Amino acid sequence: MEQLVIQGGYPLKGEVAISGSKNAALPILIASLLCEDEVRLTKVPRLRDITTTLKLLALLGADIEQDGQHVLVRPGHLLPEAPYDLVRTMRASVLCLGPLLSRLGQAKVALPGGCAIGARPVDLHIKALEKMGARFELEGGDITGHCNRLHGARIHFDFPTVGGTENLLMAATLASGETVIENAAQEPEIVDLAHFLMACGAIIEGHGTSVIRIQGVDRLKGCSYAIMSDRIEAGTYMAAAGITGGELSLTACPFAHLGAVVRVLRDMGMDIEEVGDRVVARAQDGLHCVDIETMPHPGFPTDMQAQVMSLMCLARGSGVIRETIFENRFMHVLELVRLGAAITLSGKQALVQGVKRLTGAPVMASDLRASASLVLAGLAAKGTTIVRRIYHLDRGYEAMDAKLTRVGAHIRREQQR
Ligand code: EPZ
């Protein structure tokens, strides 16, 4: 198992190229199961979760070719079953339900268990697909679904679930008639998925708003499509510039999708500007804490909560961070406290009191964004920080240690001792 060893205290300076979005690439790759012709994708990030998804598509019968950030998916003889061994490593596998039911009229997907950040049930996905005519059984840890051709329906989500909206959007493209999704999630990754599906012949309106309308069609062709840039990766590097007192110039940065994040970082005292085709993030003068509440898009993203918490650890004053999306997304707090941070937890809230310095120590990553927050804290801490279990980081950040090294970080990857 690998770990990262970080010597802190070096301001980051230079250019970082933002990779393709993990949370757009995963549903788009799975949506390729809907297509009857080949799909060519570019800007697919090289991540552990992408590798798992390609394995899943191959297991479901698709023919896959990958060359760096280029992926070619050729439809094969589609099979209805997504096995537990893959699903347990990546919950997004549950997104296969919609495409398999609409292409084959049957699907068998292992029920994803809980995860470090919360219970994460899929009841809203199931309830909505049932409205479209699917019938489900849960047996031996697997969800088995059957249907004749799915039919259009009016679906109102109790909560704007990202995965639920993606599953329904995919299922509705080949259903008979019109589907209306109300209280839909509005994340940019859903818009990217809709654009991909439309490039394959789907008829969709309202993506990016809380009401999405889909007219079912008989078949989807293939297409060539470039995955959008990763707004969470970009936000993470902005925070890295802030916590090290440096200046980073981000290329291929999806600035338009970072409204709430940029507002919070500017409120904390950072300079963040679009300069030509780049975004420059710098923090020359000290930062101060603010209050944050995570919300569905366009609110402040839960996937940036941990990274901004690290930033606040070294800012003046105090601030309250309220996590409203996941019930257990403060696993990084005690690790940050090991580095000398002053954070008090009570229920869904964390009170961060800024301190003068953090001091390096060995810490343990528990999930993807928690690991990014520990790397950021290590970049600013005095002395050596060792971040363990970085397989979490590799799930969602492409070559983070290499990118950081190029802008002046003293960081190396090594086998855990
Ligand atoms: C997506 O997860 C992202 N993952 C998550 O990013 C992100 O944190 C989340 O959306 C919220 O923005 C991918 O896109 C692959 P949800 P998803 O369905 O689809 C509850 C990262 O760090 N819920 O919007 O699982 C659920 O438990 C990852 O990149 C139900 O109760 O999120 C949670 O509390 C982590 N029943 C809330 O809704 C359901 O059927 C939001 O979940 C579905 C969800």
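Numerical summary
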| read-out | value |
| --- | --- |
| Output for region 119-140, where each listed residue is farther than 19 Å from L86 by Cα and in contact with a Phe, Trp or Tyr (Cβ under 8 Å, 6 or more places away or on another chain) | L124, I126, A128, L129, E130 |
| Residues (surrounded by fewer than 22 Cβ atoms within 10 Å (Cβ to Cβ) and either under 16 Å from the mean Cα position of the chain (by Cα) or at pLDDT 95 or above (or both)) located in region 149-160 | H151, G152, A153, R154, H156, F157, D158, F159, P160 |
| Conditions (1) open to solvent by less than 10 Å² (accessible area, probe 1.4 Å); (2) away from the ligand (no atom under 16 Å from the Cβ): number failed by G177 | (1) |
| Unmet requirement for V109, which otherwise passes all of (1) more than 18 Å from S176 (Cβ to Cβ); (2) more than 8 Å from the ligand (Cβ to nearest atom); (3) open to solvent by 10 Å² or more (accessible area, probe 1.4 Å) | (3) |
| Pairs with Cβ under 8 Å, 6+ apart, first in region 72-98 and closer than 26 Å to Y391 by Cα and at pLDDT below 85, second in a helix (DSSP H, G or I) and away from the ligand (no atom under 14 Å from the Cβ) | A82/L59; A82/L100; P83/L59; L86/K55; L86/L59 |
| Considering residues of region 186-223 that are in a strand (DSSP E or B) and open to solvent by less than 30 Å² (accessible area, probe 1.4 Å) only, the residue nearest to M132 (Cα to Cα) | I214 |
| Test: residue in region 250-260 that is surrounded by fewer than 20 Cβ atoms within 10 Å (Cβ to Cβ), free of Cβ contacts under 8 Å to residues at least 60 places away in the same chain, at positive phi and touching a strand residue (DSSP E or B) at 6+ places or on another chain (Cβ under 6 Å) | no |
| A380 being farther than 20 Å from D267 by Cα and either more than 16 Å from the ligand (Cβ to nearest atom) or open to solvent by less than 10 Å² (accessible area, probe 1.4 Å) (or both) | yes |
| Any hit, region 42-62, residues being within 21 Å of the chain's Cα centre (by Cα), away from the ligand (no atom under 16 Å from the Cβ) and in a strand (DSSP E or B) | yes |
| Residues within region 395-416 that are touching a strand residue (DSSP E or B) at 6+ places or on another chain (Cβ under 8 Å) and either surrounded by fewer than 19 Cβ atoms within 10 Å (Cβ to Cβ) or not in a loop (DSSP other than H, G, I, E, B) (or both), tallied | 13 |
| Pair list, Cβ < 8 Å and 6+ apart or interchain, from region 269-291 residues that are surrounded by 13 or more Cβ atoms within 10 Å (Cβ to Cβ) to residues that are modelled with pLDDT under 95 | G269/A283; G269/D285; G269/G286; M270/A283; D271/A283; D271/Q284 |
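The rows are residues; the columns are (1) more than 26 Å from H125 (Cα to Cα); (2) surrounded by fewer than 20 Cβ atoms within 10 Å (Cβ to Cβ).
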{"position": "R46", "(1), (2)": "yes, yes"}
{"position": "L54", "(1), (2)": "no, yes"}
{"position": "G61", "(1), (2)": "no, yes"}
{"position": "Q66", "(1), (2)": "yes, yes"}
{"position": "Q69", "(1), (2)": "yes, yes"}
{"position": "A82", "(1), (2)": "no, no"}
{"position": "L86", "(1), (2)": "no, yes"}
{"position": "R91", "(1), (2)": "no, yes"}
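Conditions (1) surrounded by fewer than 20 Cβ atoms within 10 Å (Cβ to Cβ); (2) away from the ligand (no atom under 15 Å from the Cβ), marked per residue:
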position	(1), (2)
V308	no, no
S318	yes, yes
E327	yes, no
L339	no, yes
Q349	yes, yes
V352	no, yes
L358	no, yes
M364	yes, yes
D367	no, no
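The values are calculated or read from the model by the stated rules, or taken from the named source; none is laboratory data. Because the structure is a prediction, the values reported are computed rather than measured. Virtual Cβ from ideal backbone geometry, glycine too; neighbours counted across all protein chains shown. The area values use the complete protein model at the heavy-atom level, side chains included, leaving out ligands, DNA and RNA. Shrake-Rupley method; radii C 1.70, N 1.55, O 1.52, S 1.80 Å.
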